[in-house]
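Structure, as structure tokens:
No lab work stands behind these numbers, since they all come straight from the coordinates. Since the structure is predicted, the reported quantities are computational estimates derived from the model, not experimental observations. Positions of Cβ are generated from backbone atoms using ideal geometry, with glycine treated the same way; all protein chains shown enter the neighbour counts.
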Amino acid sequence: MKENEEMKKVAETSEISEAAQVKEAASEQVVATYKELSPIQLVLRRFFRSKLSIVGLVLIVFLFLFSFLGPVVYRAWGEETVDRTSVVEQIETTYTYVDENGEEITVIEVLEHVDSINKYASPSGEHLLGTDEKGMDVFVRLMYGGRISLTIGFIVVILETLIGVLLGGLAGYFGGWVDQLIMRLVDIFNCIPTLPILLIASAVIDSWNIEPDKRIYILMVIITVFSWSGVARLVRGQILSLREQEYITATEVMGLPTWRKIFKHLIPNVMPQLIVSMTLGLGSVILYESTLSYLGLGVQMPKAAWGTMIAAANDPQVLNYHLNMWLPAGIMIVIAVLGFNFIGDGLRDAMDPKARK
């Protein structure tokens with residue numbers, strides 16, 4: 001009996017040891033697999049394991065296809081095309097006069113008497129989301145509004161990142177009076193009351209009678225001016241800790257120039273945090289642009305923008321009886337902000353150096 005019990009104990013011990021060896025071998029294989037992956041591959045692997053990251057990516061791809069390829073496929077109506085129900089009469093008049101140089105000029109004037117404009121039309125096969133108060137197709141303007149919102153978002157984020165990296169890098173590396181000067185400038189921009197300044201800027205721009213296309217570029221500049229300070233503070237904080245590392249001491253011993261230390265050795269180590277900040281900032285910029293357009297400070301008619309389309313809800317009649325005019329634009333803004341936030345959260349988790357999976 002004792003011999004049987006001893007044999008059972010030996011067998012159980014051997015099974016436990018075999019299981020431990022198998023587990024250890026599996027863990028070693030996983031570690032070896034991660035060691036074979038490059039940092040970029042490891043980040044992508046972590047990113048695509050997150051379901052929210054994939055959902056965000058799908059949402060953003062959908063928005064880009066809808067906004068930039070949609071008008072190419074759906075050509076039934078243009079961005080500024082007005083749907084007139086019928087033309088009752090067309091009168092053509094020819095004028096001839098002599099200018100100051102003695103040349104004879106002929107002008108042909110065509111007057112159209114239209115029956116009415118097809119405004120506030122309900123969704124149908126001709127107009128998928130109906131028409132607005134000016135008889136323009138809401139579905140088409142939703143596409144063009146996405147172009148403006150996404151373009152402004154990306155350009156503003158890139159510009160504010162460039163300014164923030166430049167000033168934040170200089171402040172963090174040199175310190176001293178350079179740091180004090182740049183940080184006090186950042187504090188000033190953080191203390192400026194943004195909305196009153198924007199109201200004043202809008203009144204000035206209106207007095208200039210600037211075209212809607214050029215007004216978009218001015219809007220980009222205004223948002224960039226009030227947004228770069230956060231990026232500069234982030235970069236400065238990261239470089240303050242990185243400049244004390246051993247490899248920066250080695251670059252000083254090697255006699256590398258200052259610009260090379262900053263832009264070749266310090267800034268690349270801040271890029272993970274910058275990429276996450278840029279991704280999360282895209283949603284904020286789109287909300288910012290939509291808010292300004294809603295208040296009448298941004299993109300103006302006849303150009304389309306999601307914020308301008310939502311501004312139609314200021315009319316109680318439109319708010320209650322014409323949901324097709326403003327609700328789709330609100331849904332698009334929600335999709336864009338959620339998509340960029342999901343991607344930003346996924347990148348933040350994927351770039352975490354402490355993550356093992």
Kindly put VAL61, VAL285 in sequence by how many other C-beta atoms sit within 10 Å of each C-beta, fewest to most. VAL61, VAL285
Just rank LEU319, LEU242, fewest to most, by other beta-carbon atoms within 10 angstrom. LEU319, LEU242
Using the per-residue mean of other Cβ atoms lying within 10 Å as a proxy for protection, in what order, highest first, do the peptides 67-76, 341-350, 168-177 fall? 341-350, 168-177, 67-76
Count charges around SER277 for me, please; just the other residues with Cβ under 11 Å from its Cβ, Lys/Arg as +1, Asp/Glu as -1. +1
Could you please rank GLU289, GLU246, GLU126, placing first whichever residue has the fewest other Cβ atoms within 10 Å of its Cβ? GLU246, GLU126, GLU289
